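The values are calculated or read from the model by the stated rules, or taken from the named source; none is laboratory data. Computed from a predicted structure; not experimentally measured. FYI the Cβ positions are ideal-geometry reconstructions off the backbone, even for glycines, and counts take in every protein chain you see.
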Amino acid sequence: MTKTGMIDFRGVNKWFGELNVLKDITLSVEPREVVVVCGPSGSGKSTLIRCVNGLEAIKDGDLVVDGQRLGNPATNMTQLRTEIGFVFQSFNLYPHKTALENVTLAPIHVRKIPRTEAEKAGRELLAKVGLADKVNAYPAQLSGGQQQRVAIARCLGMRPKIMLFDEPTSALDPEMISEVLDVMVAVAEEGMTMMVVTHEMGFARKVAQRVVFMDAGAIVESGTPDEFFSHPKTDRSRAFLSKILRH
Amino acid sequence: MLENFSFRSIVEYLPLFGQGLVTTVWLSALSFVGALAVGIVLCAMNLQRGWLFRAPAKAYIDAVRATPLLAQLYFLYFGLPRLGFVLPELVVGILALSLNSGAYVAEIIRAGILSIPRGQVEASVASGMTYVQRMRLVILPQAFKVTIPPLLGQAIVLVKDSALLSLISVAELTRAGQLLASDRFMPAEGFLTIAAFYLLLYYCLKGLAALSGRWLGTAGART
């Protein structure tokens, strides 16, 4: 048996109708590794991480997550998803629940943790993301940055093995980006396995072991943040970097 | 003109109007509960992926919405006994209103569920919830809030539709008006009075809608 990573793409393909959105993706993410995925819009980077927890189904190839092959009838997707946190660009907090209820809902109902215990853990997590005073606030009463930090706490409440971030700061006002990135850095430094779709280079340089550059559904280049940002190897990555670095 | 208008007859018939009003209220309420039950089942069928449940639900909803309530009522009242089902007129009336209104309620609930952003489903899927948990904890509580105002609108329609039951001799409010109109030949008095009572019921339901709107508005429903 070959050694497998925490997340293992082997020759993965996916189509949206005629469009080949993922082309022969082979990528392995080791436990405790942080991989940043970047690329122009429409390059398939969101689709790539959405495949990991089965929000998108793959067409062919193998995708093994935490030792379980996706698409295999023996794989319990619902169970596997409890091990994978997913942070959305648009937060997707439950608007009818308070911050604390957002964090404790799945632990109580999915993990079957007793309510008092889940609430204690939830309060600690909200304190950890700097929102101890917003425990009883509804999402509508929070800023974008605060909502995204609740969303991260909501994922951490499940004690996942993997965290996926789909452009977590793209919907935020500039002054709120750093408060979210700080939380993500803290999560990374605790040894979480992470795949992060982002163009935040500061974050990538600080915590990522690897940057993967995608274009038109394929992985074009991958390397350490320093290699990639300072010495991009392909024309396409150079063109991309020149655009995001212009300002 | 007004000297011909007999307030005295109205007052004399008030007990009858009162009984009619009470009957209209409770049979409407019962029919609305029935409509909710029919609507929830139809909506659940309609939201399934496979056509096996969806097709009959869609056909039923179309059939009800495309045909007059009076035709449906007459079918149940005159048609069913010929097919061997003899039911009291009150039961037929409540059944007709429930089955009719249920089709509209199904569409209202469906619209409420479909109005919940896709991201809510994805967030709950990603956290490992099963279909039932997602519906119970995330989707339905939110859909419920957006559904209340149109459902009360449907309740108002149902109360007005219940007037048709006078045609199968259910002693409800409109029937009381008809009695005054025919017994004393006072259609103006009879029908104006029941109109006033329907207006009263309308304002009660509208007040309820406003109240529920205020109540729901405080629960931080908006994003």
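Observations on the model:
- Enumeration of residues in region A:19-61 that are under 14 Å from A:V197 (Cβ atoms), in a loop (DSSP other than H, G, I, E, B) and not polar (S, T, N, Q): A:G39, A:P40, A:G42, A:G44, A:L55, A:E56
- Of everything in region B:114-125 that is surrounded by 20 or more Cβ atoms within 10 Å (Cβ to Cβ) and among the hydrophobic types (A, V, I, L, M, F, W, C), the residue that is nearest to the other protein chains (Cβ to nearest Cβ) is B:A123.
- When A:Y94 is tested against the conditions (1) among the hydroxyl-bearing types (S, T, Y); (2) modelled with pLDDT under 95; (3) out of contact with any Gly (no Cβ under 9 Å at 6 or more places or on another chain), the lone failure is (2).
- Subset of region A:157-212 [at positive phi and either small (G, A, S) or part of a helix (DSSP H, G or I) (or both)]: A:G191
- Single match in A:P168, A:P174 (criterion: without any contact (Cβ under 8 Å) to a residue 12 or more places away in the chain and not small (G, A, S)): A:P174
- The residues listed here are A:E124, A:E119, A:E101; of these, the one that is in a helix (DSSP H, G or I) and either of a type in the set (F, W, Y) or in contact (Cβ under 8 Å) with a residue 12 or more places away in the chain (or both) is A:E119.
- Checking each residue in region A:66-91 for being part of a strand (DSSP E or B) and at pLDDT below 95 picks out A:Q68, A:R69.
- Restricting attention to region A:127-156, the residues being within 14 Å of chain B (Cβ to nearest Cβ) and either in a helix (DSSP H, G or I) or among the basic types (K, R) (or both) number 15.
- Pairs, first at pLDDT 95 or above in region B:25-49, second crowded, with 16+ Cβ neighbours inside 10 Å and outside any helix (DSSP H, G or I), C-beta under 8 Å, six or more apart: B:L27/B:V170; B:L27/B:E172
- Selection within region A:50-87 - surrounded by 20 or more Cβ atoms within 10 Å (Cβ to Cβ) and acidic (D, E): none
- Any hit, region B:59-82, residues being out of contact with any Lys or Arg (no Cβ under 7 Å at 6 or more places or on another chain), part of a loop (DSSP other than H, G, I, E, B) and surrounded by fewer than 18 Cβ atoms within 10 Å (Cβ to Cβ): yes
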